[in-house]
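This report refers to the structure that appears directly beneath it.
The values are calculated or read from the model by the stated rules, or taken from the named source; none is laboratory data. Just so we're clear, the structure is a prediction, and the values are computed from it rather than from any experiment. When we count neighbours, we look across all protein chains shown, and the Cβ atoms used for this are built from the backbone with ideal geometry, even at glycine. The area values use the complete protein model at the heavy-atom level, side chains included, leaving out ligands, DNA and RNA. Shrake-Rupley method; radii C 1.70, N 1.55, O 1.52, S 1.80 Å.
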Amino acid sequence: MRETTHLVHKYLRSSKRFPHIWCAGCGIGIFMQSLIRVIDQKEYSKDDVVLISGIGCSGRLPVYVDFNTLHTTHGRALTFATGIKLAKPRLKVIAIMGDGDAIAIGGNHFIHAARRNVEIASFVINNQVYGMTGGQCSPTTPDGTITASSPYGNLEPDFNICRLAEAAGATFVGRATVYHTRLLEQLIGKAFEKKGFAMVEVVSQCVTYPGRTFGPDPAVAMMKWQRDNSITVAQASKLSEAERQGKIEIGILVDKERPTYHEEYQKLLRKKPKV
Amino acid sequence: MAGCCFYAGYPITPATEIMEIMARDLPRAGGIFIQMEDEIASLGAVIGASLAGAKSMTATSGPGFSLMQEHIGFACMAEVPCVIADIMRAGPSTGLPTQASQSDVMQARWGTHGDHPIIALAPSSVYECLELTVQAFNLSERYRTPIILLIDEAVAHMREGIVLPSPGDIEIEERPHPTVPPEWYIPYADPGTGVPPMSAFGDGYRYHVTGLYHDVRGYPTIRADEVEPLIHRLFSKISRDFDHLQWFDSYYTEDARITVIAYGCVSRAALRAIKEAREKGLKVGLIKLKVIWPFMHCTIAKILENSPKVLVPEINFGQISREVKRVNQGKCEVATLNKVDGTILTPPEILRKLEEMYS
Ligand SMILES: Cc1ncc(C[n+]2csc(CCOP(=O)(O)OP(=O)(O)O)c2C)c(N)n1
Ligand code: SF4
Ligand SMILES: [Mg+2]
């Protein structure tokens, strides 16, 4: 409790009018707390941290915390992050996106940021829904789900965000839920340390939209669901494709080294190219 | 020369050469060049770099300019300096990729959604491309706003000899920086000039930047008493300086019975036509616009009072002519000459029109 009070005073903006916009029981706040905790552990200077977000409930996170914060356009956080990191490489650049944000409208930026390998620690808060706009289906909404925009059931299969990041070349890929905060903090720490494009999928709950089908106390029910449906990467490797269906595979999925865009660019600058 | 050290772009005819030259020369000058995945991403990266303190630009043409509109609006709202060169080709859609046009004049003005001020400059020669690009950076830094360079394909691909000014002769402006300590910094408070001082990310002044309406601290707001002052300030920081943005050249206008109002490559053809007309004894003159937006209301109004007739030739369906007519309000006769077949207006075509109007 003492620690939390200390973190609140140190990192939440005293000049910002609270309360925050999130619904009671939303998972985004849990992620925010984990993020702050890890930044504090790493002892980064607040002046050197840049938090960039897109648009959505998740996109509102940066405004509450006392860093250099940038709330961009829907799906495009990584493009701004790329410009900031290249222009001032000493900054710790962190991008926070929603599932629709990162994978639907921002899907192209997402794969190219991963391929390009600019050093950005990115987090996709996957609540399997468009929260901000009122519960429409997103590219991670499971097939068949009834949502505001799929009243007869979603006709499309869902994306596996981590596999997409891996295929596009991300050097660190991990997944945790907001129930597994210990693991979540471990992954946040690893993403921060990564020299390259790191992506952590944060499985979270939207209690207000999908939560409606989870009974009277959706936050607890949804987090129990996260607990009961998660399997570790090691456990998953022993299961067949069919057995893995519907399970959340948590842990580190990719951790590799590859020269970053910045390193390659520095090499180019040192060569002093002539025409 | 202008101090640009960051370029992000995506290839498109007829703007690709700008990108290729940046790819070649920026690394040699220690700057950053990056080819992005599309034009939305390009302008996103440019805005990001500018927030980190780098003077930044991108270049594109019609289809890419359409994609950039989202982030032009963001740069207006968040007040991030940046320069966008739009090398105009004919549209709509993919249109005529290799042919000159002036058909993005209105898109430059109203392309992004919502009320917003915009500054667009239109060079008509190689030297003016240099001069106005430097000015574009200066204005973007001075007013913390995106500046659009509207260049038609003919001017953009032009080759002609110029004498480069020595670097000392060029005035370079920097964005206003905060002079107060970080604890006192209120990032979007009006210091009296309409342009709040801007700190770069990482310089110790932590603040919030958003495309939402925001209060003076940068935090989102829907309060009417915070929303209205913001949009008013965004307009007035530029409109209060209208007098300084009356950039034009005039030729033979003193006694002109017909004044031609033109910009870009058309102004060159017009000047030639006017010289030939003068040889034939016709009293005609030319106003060449260098600033397209904000429209030079006062300057044009004076011309309309002094010249019985005005001709606005353009290689589009008539975009600036609408503005001229709006200012004119029936004072004099405003004629148009529009060419929309993908070729440029020639001196004989303009001369013929002048002769027709003169008789
Ligand atoms: C270009 C554009 N299209 C649509 C929207 C409307 N919009 C705002 S948030 C959002 C979806 C948010 O979903 P997600 O990214 O999953 O974030 P969440 O709210 O669930 O955290 C949409 C479609 C927008 N702001 N901009
Ligand atoms: S709508 Fe859903 S995602 Fe958005 S704040 Fe509420 S619970 Fe969270
Ligand atoms: Mg979502």
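The radius of gyration of the Cα set in region B:247-358, together with its Dmax, comes out at 12.5, 36 angstrom.
Computed over region B:304-359, the Cα gyration tensor eigenvalues convert (square root of 5λ each) into semi-axes of 20, 15, 6 Å, ordered from largest to smallest.
Could you pull out the trypsin sites (Lys or Arg not before Pro) across region A:1-104 that fall in loop regions by DSSP (anything but H, G, I, E, B) with no more than 13 other Cβ atoms inside 10 Å? Listed in order of number, the matching sites are A:17, A:90.
With each label modelled as a point 7 angstrom along the Cα→C-beta vector, the residue A:238-residue B:338 pair spans 7.5 nm. Shape class for region B:6-169, computed from the alpha carbon gyration tensor (a ≥ b ≥ c): rounded, with a/c under 1.5.
With q set to 0.13, 0.15 Å⁻¹, the log10 of I(q)/I(0) for chain B, from the Debye formula over equal scatterers at the Cα positions, is -1.02, -1.29.
Near the amide H of residue A:232, within less than 5 Å, lie the amide hydrogens of A:250, all on another chain or at least 5 residues away, with H placed in the peptide plane.
Expected output is a single nm value to one decimal: the length gained when fully extending between residue B:326 and residue B:231, i.e. 0.36 nm times separation in residues minus the C-alpha distance. What is it?
Working: separation 95, 0.36 × 95 = 34.20 nm, distance 2.40 nm.
Once the chain is fully extended between residue B:326 and residue B:231, it gains 31.8 nm.
Looking at region A:178-275, which GluC sites (Glu not before Pro) are DSSP coil and have at most 11 other C-beta atoms within 10 Å of their C-beta?
Loop-located and lightly packed - A:257.
Spatial offset of region B:111-176 relative to region A:22-73 amounts to 37 Å, using the alpha carbon center of each.
Taking the C-alpha atoms only, the angle from helix A:107-116 to the longest principal axis of chain A is near 40 degrees. Buried by at least 30 Å² relative to the chain on its own: which residues of region A:261-275 qualify, computing accessible area with a 1.4 Å probe on protein heavy atoms? Hits at the 30 Å² cut-off: A:261, A:265, A:269, A:273, A:275. Per-residue mean of foreign Cβ neighbours for B:26-35 is 4 (Cβ atoms of other chains, 10 Å radius). With the convex hull constructed from alpha-carbon coordinates only, region B:177-295 shows a mean projected area of 11.0 nm² over all directions.
Relative to the longest principal axis of the Cα atoms of chain A, the long axis of helix A:261-271 makes an angle of roughly 10 degrees. Towards the positive end of the charge dipole of chain A, with charges on Cβ (+1 Lys, Arg; -1 Asp, Glu), say which of A:15, A:237, A:199 has the farthest Cα. Farthest towards the positive end: A:15. Proximity of backbone amide H atoms, modeled 1.01 Å from N, is registered between residue B:213 and B:221 at under 5 Å, excluding neighbours fewer than 5 places apart on the same chain. Only protein heavy atoms count here; under a 1.4 Å probe, residue A:183 has an accessible surface of about 40 Å². Rolling a 1.4 Å probe over the protein heavy atoms of the protein assembly as shown, with every protein chain left in place, gives an accessible area that is 54 percent carbon and sulfur. Relative to the compact-globule estimate of 2.2 N^0.38 Å, the Cα radius of gyration of the protein assembly as shown comes out at 1.07.
Viscosity 1.002 mPa s, temperature 20 °C: what is the translational diffusion coefficient of region A:79-186 from Stokes-Einstein with a Kirkwood Rh over Cα pairs, rounded to a whole number of µm²/s? If you can, show how the numbers build up before the last one.
Details: Rh = 15.0 Å.
For the chosen part, D equals 143 µm²/s.
For region B:1-56, the equivalent ellipsoid derived from the alpha-carbon gyration tensor has semi-axes of 17, 15, 8 Å in decreasing order. In this rough spin-label picture, where each label sits 7 Å from Cα along the Cβ direction, the residue B:172-residue A:14 distance is 4.0 nm. In the context of the full protein assembly, residue B:274 retains an accessible surface of approximately 0 Å², using a probe radius of 1.4 Å and ignoring ligands and nucleic acids.
Nearest 10 degrees is fine. How inclined is helix B:39-51 to the longest principal axis of chain B, computing both from alpha carbons? The angle comes out near 60 degrees. Surface exposure of region A:26-270, expressed per residue as accessible area with a 1.4 Å probe, stands at 39 Å².
The Cα center of region B:57-91 and the Cα center of region B:267-289 differ in position by 33 Å.
When the convex hull of its Cα atoms is viewed from all sides, region A:23-93 shows a mean projected area of 4.8 nm². Counting, for every residue in A:11-24, the Cβ atoms of other protein chains within 10 Å of its Cβ and taking the mean gives 2. Summed over both chains, the area buried between A and B is near 3500 Å², taken from the accessible surface of protein heavy atoms with a 1.4 Å probe. Placing +1 on the Cβ of every Lys and Arg and -1 on the Cβ of every Asp and Glu, with no other charges, gives chain B a dipole of roughly 800 debye about its Cα centre. Note: relative contact order over region B:214-318, using C-alpha pairs below 8 Å and six or more positions apart, is 31 percent.
Shape descriptor for chain A: Rg over Rh equals 0.97 (Cα atoms; Rh from the Kirkwood inverse mean 1/r).
With 21 Å as the limit on Cα-Cα distance, the pairs of A:10/A:92; A:88/A:256; A:194/A:256 that go past it are A:88/A:256.
Just counting partner chain Cβ atoms within 10 Å, what average do the residues of peptide B:214-223 show around their Cβ?
Numbers: counts 2, 3, 0, 5, 6, 8, 6, 1, 0, 0.
Whole-number average of other-chain Cβ neighbours for B:214-223 is 3.
What trypsin sites (Lys or Arg not before Pro) does region A:182-241 have in DSSP loop regions with at most 11 other beta carbons within 10 Å?
Details: sites: A:182, A:190, A:194, A:195, A:212, A:224, A:227, A:238; in loops: A:194, A:195, A:238.
For trypsin sites (Lys or Arg not before Pro) across region A:182-241 that sit outside H, G, I, E and B with at most 11 neighbouring Cβ atoms in 10 Å, the list reads A:238.
Give, in nm to one decimal, the length gained when the segment between residue B:280 and residue B:98 is fully stretched (0.36 nm per residue of separation minus the Cα-Cα distance). Each step should come with its number before you reach the end.
Values: separation 182, 0.36 × 182 = 65.52 nm, distance 3.57 nm.
Here the answer is 62.0 nm.
When the convex hull of the C-alpha atoms of region B:51-98 is computed, what volume per residue in Å³ does it have?
Details: hull volume 3.3 nm³, N = 48.
Looking at region B:51-98, the number lands at 70 Å³ per residue.
Assuming 0.36 nm per residue, please report the length gained on full extension of the stretch residue A:256 to residue A:193 beyond their Cα-Cα distance. Intermediate values should be presented prior to the final figure.
Details: separation 63, 0.36 × 63 = 22.68 nm, distance 1.22 nm.
Result: 21.5 nm gained on full extension.
Amide H to amide H distances under 5 Å link residue A:199 with A:122, A:172, A:173, A:174, where only residues 5 or more positions off or on other chains count and H is placed in the peptide plane.
What size of dipole, in debye to the nearest 20, comes out for region B:6-169 about its Cα centre when the only charges are +1 on Lys and Arg C-beta atoms and -1 on Asp and Glu C-beta atoms?
Values: 8 positive and 18 negative charges, 42 e Å.
My answer is approximately 200 debye.
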